C-alpha cells in the first residue's frame with residue numbers, strides 16, 4: 001500500500017460490486033430468472049472478472065503478489081463489515097417499518113418492482129416501498145439472501161465508508177499531502193511563491209475555483225468555513 005493506485009484499486013471494489021449487483025439484479029428481475037442469492041454469487045464472480053481486466057490494463061504495475069494481497073485485504077474488510085453489521089440491530093422506525101420489509105420482499109422474490117406494486121390494503125407501508133429508490137435495498141437484499149441475516153444488509157454502509165477513506169488517502173498520495181516532502185507537507189512547505197501565493201498542487205491547477213479556497217494547499221481545505 002505505497003502508491004495512489006494501490007488505495008484506489010482497493011477502495012473501488014465496493015463500487016464495482018455494488019454496481020454489478022444492481023445490473024445483475026435488474027436483468028434477473030426483468031426476465032424473472034435467478035434467485036437473489038444467485039444474483040449475489042454471480043455478481044461477485046463478475047466483479048472479480050472486471051477487477052482482473054483492470055489489473056490487466058495496468059500491466060506490470062500490479063504483480064500477481066500485489067493483486068492477491070489487495071484482494072485478500074478487501075475480502076477481510078468485507079467479512080469484517082458483514083460481521084460488525086450483524087451485531088447491530090436496526091431500531092429506527094423507517095428502517096424496520098418499510099426498508100426491511102422491502103429488503104425481505106426483494107430477497108424472497110414475492111416483490112418484483114418490474115411487474116408488481118404492493119397493495120396498500122395488504123402492506124401497511126406499500127406507498128413507501130413502491131415509490132422509494134431501491135438501490136441500497138436491492139444490494140442489501142442480495143447480501144441478506146446470501147447470509148440469511150437481514151442485519152448484514154447494512155454492510156455496504158461500512159464498506160463505502162472504508163472505501164471512501166482508502167481512495168481519499170490515495171488522492172492525498174497523488175497530490176503529495178500524505179507523502180513526506182510532498183508539496184502540501186507542512187514541515188517541508190517551500191513557502192509562498194512570488195506575490196505571496198502558496199504553491200498549487202498539480203491536481204488543483206485544473207480547478208481554478210477550488211484553488212483560492214485551498215490557499216494553494218489541499219490540507220487547508222480542512223480549515224475552510
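Residues checked against (1) surrounded by fewer than 17 Cβ atoms within 10 Å (Cβ to Cβ); (2) at negative phi:
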site: 8; (1), (2): no, yes
site: 29; (1), (2): no, yes
site: 32; (1), (2): yes, no
site: 76; (1), (2): yes, yes
site: 89; (1), (2): yes, yes
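Taking the stretch 106-133 as the range and being within 24 Å of residue 82 (Cα to Cα) and crowded, with 20+ Cβ neighbours inside 10 Å as the test, the residues that pass are 106, 107.
Here 72, 142, 76, 97 are screened, and the one residue that is in a helix (DSSP H, G or I) and in contact with a helix residue (DSSP H, G or I) (Cβ under 6 Å, 6 or more places away or on another chain) is 142. The set of residues in the stretch 152-184 being modelled with pLDDT under 70 and crowded, with 16+ Cβ neighbours inside 10 Å consists of 176, 177, 178, 179, 182, 183, 184.
The values are calculated or read from the model by the stated rules, or taken from the named source; none is laboratory data. In this text the structure is predicted, and so the values were computed from the model without any measurement. Neighbour counts are summed over all protein chains in view; Cβ atoms, including those assigned to glycine, are modelled from backbone coordinates with ideal geometry.
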